[in-house]
Amino acid sequence: MTDLWIGTSWKMNKTLDEARAWTTGLVDALGDSAPAGIQPFVIPSFTATTTVRALLGQDSPVLLGVQNAHWEDAGAWTGEVSVPQAKDAGAQLVEIGHSERREHFGETVETTRLKVAAALRHGLTPLLCIGEDAQVKAEGGSSAFILEQAAGALDGLDAAELSRVVIAYEPIWAIGEKGRPATVEELREPFAALAEAYGDRVAGLLYGGSVNLDNAADLLGIEHVTGLFVGRTAWKLEDYLELLRIAEAHRAG
Ligand code: PEP
């Protein structure tokens with residue numbers, strides 16, 4: 001049985017003191033091992049990568065990621081961070097194609113493809129985010145849209161490479177302050193479509209978007225969902241720990 005991935009991106013939040021407090025609390029709570037069958041992960045801002053790595057230690061059961069990375073290894077790309085630099089700072093995961101990056105920073109299907117390839121080239125796990133907006137959903141095009149985003153980003157990968165990719169389905173209408181949680185019913189078809197296309201061939205099919213302590217168990221119960229990618233709820237450590245407990249209980253059946 002594949003692990004349930006339960007993780008968070010902090011987006012543009014947390015000072016170093018706040019990052020230290022969250023991470024120290026997590027290390028204290030977890031000790032040397034994650035709950036059985038659970039793969040925790042945390043994706044801080046770049047500024048906190050080395051701090052969080054130092055607190056987690058080298059053999060942590062918690063994977064550490066960055067929220068973006070450039071596709072080139074080095075060069076004249078002011079303001080960018082490369083995958084080798086992220087790896088050097090202790091990252092194991094690269095989040096790619098979050099809808100906020102697509103909307104505000106010109107991320108395209110082609111740049112997601114280049115970034116997935118760069119992450120794989122350097123031995124990091126690409127966490128590919130896909131998701132449609134409210135209009136596409138209203139027109140009934142959700143599954144076709146996300147399959148196209150995924151196919152574009154994963155184009156050309158062989159089976160071994162694909163098996164290292166994690167996909168997070170994050171409908172834009174469901175994420176962030178303005179989002180509303182997707183219902184279990186709304187998620188069945190997109191996850192069935194993703195499972196048919198990628199299912200066991202990828203490392204995980206995660207849901208993200210207004211996950212909270214009340215809906216997490218139901219979301220984990222959706223067929224083909226193998227984890228949760230969480231924003232606001234997980235920024236408070238106690239609630240992240242509670243999400244891990246919910247996932248552990250789900251795993252235990
Ligand atoms: C997100 O923006 O990727 C996200 C999952 O955020 P939230 O959980 O806060 O909706």
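The values are calculated or read from the model by the stated rules, or taken from the named source; none is laboratory data. On a predicted model such as this, the values are computed, not experimentally measured, just so you know. With ideal geometry, Cβ positions are generated from the backbone for all residues, glycine too; neighbour counts draw on all protein chains shown. Protein only, heavy atoms only, side chains kept; ligands, DNA and RNA dropped before computing areas. Shrake-Rupley method; radii C 1.70, N 1.55, O 1.52, S 1.80 Å.
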What is the gain in length, in nm to one decimal, between THR24 and ASP59 on full extension, counting 0.36 nm per residue of separation less the C-alpha to C-alpha distance?
11.1 nm
Percent of alpha carbon pairs in the range 11-101 separated by more than 21 Å?
32
How high is the relative contact order of the range 4-252? Use alpha-carbon pairs under 8 Å, at least six apart in sequence, and give a whole percent.
20
Name the lysines eligible as straight-distance cross-link partners of LYS11: C-alpha to C-alpha under 22 Å, and not fewer than 8 places from it in the same chain.
LYS87, LYS115, LYS178, LYS236
Debye intensity ratio I(q)/I(0), log10, the chain, q values 0.12, 0.13, 0.15 Å⁻¹ (C-alpha model):
-0.64, -0.76, -1.05
Electrostatic dipole magnitude of the range 115-253 [Cβ: Lys, Arg +1; Asp, Glu -1; Cα centre; debye, to 20]:
420
Note down the magnitude of the dipole of the range 4-252 about its Cα centre, charges +1 on Lys and Arg C-beta and -1 on Asp and Glu C-beta and zero elsewhere, to the nearest 20 debye.
420
Express the carbon and sulfur contribution to the solvent-accessible surface of the range 1-108 as a percent, rounded to the nearest whole number, probe 1.4 angstrom.
53
Using label points projected 7 Å from each Cα along Cα→Cβ, tell me how many nm separate ARG180 and ALA192, to one decimal.
2.3
Hey, if you put +1 on the Cβ of every Lys and Arg and -1 on every Asp and Glu Cβ in the chain, which of VAL202, GLY176, GLN67 ends up farthest toward the positive end of that dipole?
GLN67
Dipole of the range 65-130, Cα-centred, from +1 at each Lys and Arg C-beta and -1 at each Asp and Glu C-beta, to the nearest 20 debye?
180
Order LYS14, LYS115 by their accessible area, 1.4 angstrom probe, all chains in place, largest first.
LYS14, LYS115
Want the number for LEU162 to GLU72: 0.36 nm per residue separation, take away the alpha-carbon distance, what's left?
30.4 nm
